[in-house]
Amino acid sequence: MNLETAPESDSASLSPARATHVHSAPGTCLRTVDGIPLLFVPERQLLFRADPFAAGLWEQLREGMSMDALDKAAAAEGLDAVQIVSDLLDAGVLVPIGSDEAIPAIAGRMFLRVGALQVCLNFDGPRAQALVRGMLAHLETAPVPCELQLVIREEESRIGVALNGEETGWCSWEQIGPELKILLTDLALESLDGIALHTALLETGGDALLLVGMPGAGKSTLSVALGRSGFGLEGDDIAALHADGRASALPFPATVKDGSWPLLAPLCPELEEKPAFLRPDDKIVRYLPLSAEPEPPRRPVRTVLCLDRSSSRPAGLEPLGVEAAMAALLEGAWSEDERLSTRAFTALTACIGGARFFRMTYDSLEEAIELARRACETGKEPG
């Protein structure tokens, strides 16, 4: 292992004159040994003594810091912020916040937590910030160090999103909600502690109720309706299943398709005021922020309902055996290589061992809500 012990300048294009905000490079860390602050840059295999000024501001630099704030802090110490930042940019300790083709002026920032994922959104205009905050406000946290920085750029006719330093993906304003949710979902899956299940998760009596079903089964619509009928809606789309069989939701806003708007209007009058977005599959949707925490707790799974929406069959609950229960959960499971690992199998069996599974046939929301309540009643075998 060979480590450089002094910064080498090979990135003159990253001039502090172009940057409005800077951020610590991913993986870069500061440690103090015998009173000496040491910086390690894994990407470049650099190790060197940190400037005391930079060391004192390290936590703020990890969150992302404006050049104006750096100038003020440096001036108070009689130092030249431009030179300090230039040296740290050259060393790869800091990177400017921007896409690969532009370093915009950052007008506002928003820190989000989704399960284990922590990410900062950097906006170059107020319109995008207001739109995204209306959709993701329940995930917002106080400023924290985030290696993941997203840059959201706005123009009159389009809006773009980029991971820091990468190419901007542009779309129309009516597409930004789904596009941003897709990107954040992919990032959340990469940071997931557990295996991912395509399921809604609701809390009842401290336990988890899972709703699984094929597209069109009404999972999101029913989860929102249950969330307004005494259950706690923690996520309508993806949950993490952990090694001990407990589950926790990824609490993205609930997605409500236009066909469900009239059904949910009596329960969610605020839905009409939410902006409508166009998904890549040409579905028109609105998003409902949740009351769940940005990192919901892990809950024991007590009831799993496999949804079967039908107007031709009688409403009811049919208990499912172990094989059918495993198949139902696997139907919507996600893994990076699309294979079931031993760890995932262990988690699934732990979950099944402590839960009751039912196929729930229903037509109306009223039927489904009543059946869900019956299925979750402790000690009562639904009929």
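The values are calculated or read from the model by the stated rules, or taken from the named source; none is laboratory data. Here the structure is a predicted model, which is why all the values come from computation and not from measurement. Neighbour counts are summed over all protein chains in view; Cβ atoms, including those assigned to glycine, are modelled from backbone coordinates with ideal geometry. Keep in mind that these areas ignore ligands, DNA and RNA; they rest on the heavy atoms of the full protein, side chains included. Shrake-Rupley method; radii C 1.70, N 1.55, O 1.52, S 1.80 Å.
Work out the P(r) tail for the range 148-283: percent of alpha carbon pairs separated by more than 17 Å, whole number.
Roughly 65 percent, rounded to a whole number.
Counting each pair of different Cα atoms once, what's the Kirkwood radius of the range 297-375 in Å, rounded to one decimal?
13.8 Å is the Kirkwood radius here.
At q = 0.11, 0.12, 0.15 Å⁻¹, what is the base-10 log of I(q)/I(0) for the chain according to the Debye formula with one equal point scatterer per Cα and no solvent? Please give it to two decimals.
For the chain at q = 0.11, 0.12, 0.15 Å⁻¹, log10 I(q)/I(0) is -0.84, -0.95, -1.24.
Could you give the nm distance between label points at Asp71 and Glu272, where each point is 7 Å from its Cα heading toward the beta carbon?
Using points 7 Å along Cα→Cβ, the separation is 4.9 nm.
So in the chain, which Cys have no other cysteine's beta-carbon sitting under 4.7 angstrom from theirs?
Cys29, Cys171, Cys268, Cys306, Cys351, Cys376
Just to be sure I understand: of the beta bridges DSSP finds with both ends in the chain, what percent are antiparallel, rounded to 5?
Taking every DSSP beta bridge within the chain, about 75 percent pair in antiparallel fashion.
Quick one: net charge of Glu77's neighbours, Cβ under 13 Å, K/R +1, D/E -1?
-2
Would you mind getting the Kirkwood hydrodynamic radius of the range 232-273 from its Cα pairs, rounded to one decimal in Å?
12.1 Å is the Kirkwood radius here.
Based on the Cβ-Cβ distance from Asp282 to Ala142, what FRET efficiency comes out when R0 is 35 Å, to the nearest 0.05?
E(calc), rounded to 0.05, equals 0.40.
Loop-only GluC sites (Glu not before Pro) in the range 135-235, please: DSSP not H, G, I, E or B, and at most 10 other Cβ atoms within 10 Å.
Glu156
Could you tell me what fraction of 2.2 N^0.38 Å the Cα radius of gyration of the range 111-164 comes to, as a two-decimal ratio?
For the range 111-164, the normalised Cα radius of gyration comes out at 1.12.
Could I have the simple spin-label model distance between Asp363 and Ser312, label points 7 Å from Cα toward Cβ, reported in nm to one decimal?
1.3
Expressed in nm to one decimal, what extension gain is obtained for the pair Arg158 and Asp244 from 0.36 nm per residue of sequence separation less their Cα-Cα distance?
26.5 nm
If you project the alpha carbons of the range 40-86 onto the principal axes, what extent comes out on each, in Å, largest first?
32, 20, 17
What ³J(HN,Hα) values, in whole Hz, does the Karplus curve 6.51 cos²θ - 1.76 cosθ + 1.60 give for the range 156-168 when θ = phi - 60°, with x put for Gly and Pro?
Values per residue, Gly and Pro as x: 4, 9, 7, 9, x, 10, 9, 5, 3, x, 10, 5, 7 Hz.
So if I average 1/r over every pair of distinct C-alpha atoms in the range 52-197 and take the inverse, what Kirkwood radius in Å does that give?
Hydrodynamic radius (Kirkwood, Cα pairs) of the range 52-197 is 16.4 Å.
About the Cα centre of the chain, what is the dipole size in debye to 20, counting +1 per Lys and Arg Cβ and -1 per Asp and Glu Cβ, all else neutral?
1300
Give the Rg/Rh ratio for the range 51-118, taking Rg as the radius of gyration of the Cα atoms and Rh as the Kirkwood radius, to two decimals.
Expressed as Rg/Rh, it is 1.00.
For Lys257, Lys72, write out the residues from largest to smallest accessible area, computed with a 1.4 angstrom probe and no ligands counted.
Largest accessible area first, the list is Lys72, Lys257.
Leaving ligands and nucleic acids out of the surface, order Trp58, Trp334, Trp170 by accessible area at 1.4 Å, largest first.
Trp334, Trp170, Trp58
log₁₀ I(q)/I(0) of the range 68-154 at q = 0.17 Å⁻¹, via Debye over equal Cα point scatterers, no solvent, to two decimals?
Scattering profile of the range 68-154, log10 relative to I(0): -0.85.
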